[in-house]
Amino acid sequence: MAMVYDALVVLGIWVFTIVILVTVRGDAVVGAWVQSLLFIELFAFFSYFWIRRGQTIGMLAWRLRIVSAEPMTLRRVLMRFVGALLGAACLFLGYLWILFDVERRSWSDMLSGTRVVREPKPPKNQPS
């Protein structure tokens, strides 16, 4: 479900970008340059959140966090991003791999040397 949340946020960013481009240009925007721009926005979205917080907006909502023994670098983000794309392109086998891996890692985890963990629930407020 975290991926669905993130997809909705990215979709919103893409719609905003397309609206701005169409408004500025006054006509439809098509071509490889638009697709490249949207792809760069996708990478920038994940890079920012994975490096800055260790979790995207969707991961935050579902209490998931990326952890690794070393800091999250742009190289590590790139490997994770490539793993995510490959895993999704192969009929989501890269994510289903979690069911078979002893350490419950996806392809993106294995490529980047990271793991996704669930954060504990915050304690409920106790009445005074």
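Quick notes on this one:
- With coordinates expressed along the principal axes, the C-alpha atoms belonging to region 38-90 extend over 25, 24, 21 Å, beginning with the largest.
- Highest-first packing order for the peptide set 37-48, 13-24 is 37-48, 13-24, based on the mean count of other beta carbon atoms within 10 Å.
- The chymotrypsin sites (Phe, Trp or Tyr not before Pro) of region 64-128 that meet both conditions, a loop assignment by DSSP and at most 16 other Cβ atoms within 10 Å of the site Cβ, are Phe92, Phe100.
- For the chain, convex hull of alpha carbons as volume per residue, Å³: 159
- Isotropic mean projected area of the C-alpha convex hull, region 11-50 (nm²): 2.8
- Accessible surface area normalised per residue over the chain is 70 Å², counting heavy atoms of protein chains with a 1.4 Å rolling probe.
- Ligands, DNA and RNA left out, the accessible area of region 1-90 computed with a 1.4 Å probe is 73% carbon and sulfur.
The values are calculated or read from the model by the stated rules, or taken from the named source; none is laboratory data. Keep in mind that this is a model prediction, so the values were computed, not measured. For neighbour counting, all protein chains shown are included, and Cβ atoms are generated from backbone atoms with ideal geometry for every residue, glycine included. To get the accessible areas, we keep the full protein, side chains included, count just its heavy atoms, and leave off ligands, DNA and RNA. Shrake-Rupley method; radii C 1.70, N 1.55, O 1.52, S 1.80 Å.
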